[in-house]
């Protein structure tokens, strides 16, 4: 099977009120690097924009644009999700952002991922997650205590996942999806390092 031709998710941009506060939050919380910043000409006049990336191969994975209206009745952004490279990284971020900085969080298992949800300074919901080594039928939510060691947390998550419909190794699910999509299982189509959706 060959890699599917087409597009992969690469970056996103969000309108913000306080550019300095949002820039500070995303560079601290996720270790983004500012790759460029400055005024962007628009039909309504110039607006300031900051480009952020965690990959030297990608100019920006996140763009912050200082053009959010004063009053927004409904935020259509359901969530912005960040994939951790390990469970240890996820729990270290939880300790930093929730335990030490006091942010309100909801921590849980989706069966196929362990996640915690917080909000950025302007109320956008963020998911920080790590993929577990297995799959279960989605959607699935089970509250979890992230104030535990990685070993204990993972054992609890696995014990619960084994009771759920569709439990199987992640590799088996990936192979099934690759066949369904008509791509090779190891192509990584659609994956952006450091940015993902659970």
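Every number here is computed from the coordinates shown, using simple stated rules; none is lab data. Since we're looking at a predicted model, the values are computed, not measured. Positions of Cβ are backbone-derived with ideal geometry, glycine not excepted, and every protein chain shown enters the neighbour counts.
Listing for the model above:
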| item | result |
| --- | --- |
| Angle in degrees between helix 19-30 and the longest Cα principal axis of the chain, rounded to the nearest 10 | 30 |
| The range 4-69-the range 80-133 distance, computed between alpha-carbon centres (Å) | 21 |
| Over the chain: helical MRE at 222 nm, DSSP H runs n ≥ 4 each giving -39500 (n - 2.57), nearest 500 | -6500 deg cm²/dmol |
| Rg and Dmax [Cα atoms of the range 9-72; Å; Rg one decimal, Dmax integer] | 11.8, 36 |
| Protection-proxy order for peptides 109-122, 16-29, 151-164, each taking the mean of Cβ atoms within 10 Å per residue, highest first | 109-122, 16-29, 151-164 |
| Folded to 0 to 90 degrees: helix 150-161 orientation relative to the chain principal axis, Cα | 70 |
| Calculated Rg and Dmax of the chain using C-alpha coordinates, Å | 18.5, 56 |
| By average C-beta atoms within 10 angstrom, highest first, the peptides 30-40, 71-81, 91-101 | 91-101, 30-40, 71-81 |
| Nearest-ten-degree value, helix 170-181 long axis tilted from longest Cα axis of the chain | 70 |
